[in-house]
Structure formats: structure tokens, C-alpha cells
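Asker: Questions regarding the structure given below will be posed in turn.
Laboratory data are not the source of any read-out in this text; all were calculated from the coordinates shown. Keep in mind that what you see is a predicted model, and the values were worked out from it rather than measured. Cβ atoms come from the backbone with ideal geometry, glycine included; neighbour counts cover every protein chain shown.
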Amino acid sequence: MESLENIFKALSDRNRLRILKMLEVRPLCNCEVQAILGLAPSTVSKHLSILCQIGLIIGQKQGKWMIYHLPTVAPELHPIQQVLANWGKEDQEIAADKLIASQTNNRLNCQG
């Protein structure tokens with residue numbers, strides 16, 4: 001397991017928190033995350049990589065796409081996962097991200 005310091009460092013970035021909240025809705029590919037956040041592909045890839053390293057998301061290859069989803073986390077991460085699940089309920093940007101994630105499938109337009 002990653003050190004607590006690394007976990008909190010990873011969670012200190014708002015875009016990573018937004019990604020985690022979007023993944024509560026459904027699994028997403030890199031292109032979908034890019035489209036929702038409006039960030040460069042390299043920036044999104046770096047955020048996804050950091051979240052994978054600390055064990056809060058998993059990336060799985062499906063055809064030509066890497067699909068990211070929330071895993072069943074290690075028991076020591078359960079308290080953090082519970083805090084994240086309750087965070088952002090009043091945040092309009094988070095609500096908008098989740099709505100877009102639930103209503104779109106940009107994977108159809110991805111280049112792979």
C-alpha cells in the first residue's frame with residue numbers, strides 16, 4: 001500500500017477528485033475523462049496514472065481502450081473511500097461532471 005502521505009498528496013489535486021467522482025457513475029476511458037475535464041491528453045494520463053498508483057482506480061485494457069473504474073479497495077483505504085463517497089455532494093462542478101458522464105459515451109468518438 002502507498003504511504004498515507006502519497007495518498008493525500010494524490011488527493012490534493014481537484015482534477016483527480018473530479019475523476020474519482022465521475023468514476024462513481026460508470027467506468028470511463030481516457031478520452032471521456034479528457035472531454036469532460038477539458039484537459040490535455042498528457043495531463044489526464046498523468047492524473048489517471050497517479051490514481052492507479054495509489055490504488056483508488058484500476059485501468060483495464062478493453063480492445064483499443066484503457067477503461068478506468070473504481071476497484072474494491074484494500075481495507076486500509078476504506079475510510080478514505082468513504083470520505084470521498086460523501087464529498088462533493090453540494091459541488092456544482094462535480095454534479096455537472098457526473099451528469100455528463102452519465103449521459104454521454106464519447107468512446108464512440110475516441111481515436112484509441
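Asker: Quickly run through region 4-21 and pick out the residues that are of a type outside the set (S, T, N, Q) and closer than 17 Å to residue 40 by Cβ.
Answerer: Scanning region 4-21 gives 13, 14, 16, 18, 19.
Asker: Wholly within region 11-112, which helices (runs of 4 or more DSSP H) include no fewer than the required count, namely at least 2 residues that are surrounded by fewer than 17 Cβ atoms within 10 Å (Cβ to Cβ)?
Answerer: Qualifying helices (runs of 4 or more DSSP H): 14-23, 41-53, 78-86, 92-103.
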